[in-house]
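This report refers to the structure that appears directly beneath it.
The values are calculated or read from the model by the stated rules, or taken from the named source; none is laboratory data. Given the structure is predicted, the values throughout are model-derived calculations rather than measurements. For neighbour counting, all protein chains shown are included, and Cβ atoms are generated from backbone atoms with ideal geometry for every residue, glycine included.
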Amino acid sequence: MGGQGGHRRLPLQFNPYEEGCRTCVYHSDRLRNNMSNHFHPRGQRPVCSPINQCIYCGITGVPLSDEHIVPYGLGGSLYLPKASCKDCSAITSAFEGKVLGGPFKAIRGLLDMPSRKMAQQRAMKYSLVINGKTVELSASDYPAPLLYPILPPATFLHGGVTQDDQVNVEYEIFYPLRVTKKLIDIYGEPLHISHPISSFSDEQIRAFIRMLAKIGYCSLVQKHGLRSLDSIFVLDLILGRSKQYNLYVGTVPPKLAPLSFGQPATGLRENEQISHRFAVRTLLTRVIDPQTGHQQERKLYCAYIRLGEGYAFGAPIYEVALAPAK
C-alpha cells in the first residue's frame, strides 16, 4: 500500500470469453469511499523567472506562452513562464493531446484532472461488465485502469539496437481500489468487473515518448537554466524532426531504478499536489556513440520521471538522456 490515495496493484487474470479484456475482482475490504482527488492542482506555480525565449526554437521578440513541465491535463501545476512560441506550443500540445485524449482519458475523468473541456469530461459515460452484466457508469464512478507503457531501456545509455520509427513495448496495468459503495450495494460482493483495455496505438506510443522527453527537458531548464539548443539530445524528438524514439528515452531497468526515487530525497523535485515526480541528475556513465557504436565515458544530465505515483504504487520510472553535463 502506498501513496496518499491508498492504492495498490491488483492481480490480473485473462477472461477467455472477452477478447481485449482483463478481469479483476474487488472486495469490500478494498473499498475506498474517500479517495481524494490529489491530482488536482491547488494553483499554478512558476518555477523560475520569465525565460522570454522559446526553449525549443530559441526565438525571441514574439508572444510566448507558459510551458507546463508535466502537462496541465495531468494535473501539472509547475510551469516555465514565457517559454514557448506559438508554433512550438502547437507541436507539444498536439502530441500531449494524443496521450491525454487516448488511454489516459478515463483516469483523468475519475480523478477529475484539469481539462479545458471539463464539462464534457465529467459528462462522459463508460461501459463495462459487472458480474456478467454490461452497465454504464459516469466518469466519477468508473473504476478506470491506468495503463503504463513499459519501454525498452534507452539505447544511448544501455546499449541495444536503435530503430527508426519503431518501439516495441509491453504494458503494466494498475487498477484503482476505489469502487463506490453504490456498486457494492447494487451488485454485491465479490464484485467481478471486466474492463475493456485499449492499449496505446503506435501513434500514441510515439506521442507518449515525446511527452516524456518534453517533461525531462523542461525539468532541465527549470534546474539548470536554458542551455545551447544544439546540446539538447531530445530536442529533435520533441519537435518531430527525429524518429529515433528509443535512443534517448526508455524505462529504467528494475535493477537500476534509483532506490531513493520512491520517497522525497535531496535533489528530487517533487510536485506535492499531484504526486508526479521528476528529477534531473548528473551521471558519469559509459554511453554508446550512435555514430560509431563505440562506448565512451561521458558526464550527462538525465531526467527520471514517475507519473501518477500516488495512484499507482510501483509505477515505472522513465529515463531521459538530456544533454552533456558541465
Would you mind finding the one in PHE233, PHE200, PHE208 that is modelled with pLDDT under 95 and either assigned to a helix (DSSP H, G or I) or more than 11 Å from the chain's Cα centre (by Cα) (or both)?
PHE200
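In region 72-84, is there at least one residue being touching a strand residue (DSSP E or B) at 6+ places or on another chain (Cβ under 9 Å) and surrounded by fewer than 14 Cβ atoms within 10 Å (Cβ to Cβ)?
So in region 72-84, the residues touching a strand residue (DSSP E or B) at 6+ places or on another chain (Cβ under 9 Å) come out as 72, 74-84.
After this cut, where a residue has to be surrounded by fewer than 14 Cβ atoms within 10 Å (Cβ to Cβ) as well, the list is none.
Within region 72-84, not a single residue is touching a strand residue (DSSP E or B) at 6+ places or on another chain (Cβ under 9 Å) and surrounded by fewer than 14 Cβ atoms within 10 Å (Cβ to Cβ).
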With respect to LEU157, determine if the residue is in a strand (DSSP E or B), touching a residue at least 40 places away in the same chain (Cβ under 8 Å) and of a type outside the set (Ser, Thr, Tyr).
no
Considering residues that are of a type in the set (Val, Ile, Thr) and over 25 Å from ALA207 (Cβ atoms), the number found within region 130-168 is 3
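Residue by residue, here is whether (1) farther than 30 Å from GLN295 by Cβ; (2) at pLDDT 75 or above holds:
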residue	(1), (2)
TYR126	yes, yes
ASP141	yes, yes
LEU146	yes, yes
GLY160	no, yes
TYR175	yes, no
List pairs: first residue in region 313-325 and within 15 Å of GLY216 (Cβ to Cβ), second residue acidic (Asp, Glu) and in a strand (DSSP E or B) anywhere in the structure, Cβ distance under 9 angstrom, at least six positions apart or on different chains.
PRO316/GLU172
Go through region 73-106 and give me each residue that's in contact with a Ser or Thr (Cβ under 9 Å, 6 or more places away or on another chain), modelled with pLDDT under 90 and assigned to a loop (DSSP other than H, G, I, E, B).
GLY75, GLY102, PRO103
Looking at region 85-106, which of the residues that are in contact (Cβ under 8 Å) with a residue 40 or more places away in the chain and over 16 Å from the mean Cα position of the chain (by Cα) is surrounded by the most Cβ atoms within 10 Å (Cβ to Cβ)?
CYS88
Please enumerate the residues belonging to region 178-197 that are surrounded by fewer than 20 Cβ atoms within 10 Å (Cβ to Cβ) and modelled with pLDDT under 75.
THR180, LYS181, LYS182, PRO196, ILE197
Any residue at all in region 244-258 that is part of a loop (DSSP other than H, G, I, E, B), modelled with pLDDT under 70 and among the hydroxyl-bearing types (Ser, Thr, Tyr)?
no
What tally of residues in region 107-142 results from selecting those that are in a loop (DSSP other than H, G, I, E, B) and either surrounded by 19 or more Cβ atoms within 10 Å (Cβ to Cβ) or touching a Lys or Arg at 6+ places or on another chain (Cβ under 6 Å) (or both)?
5
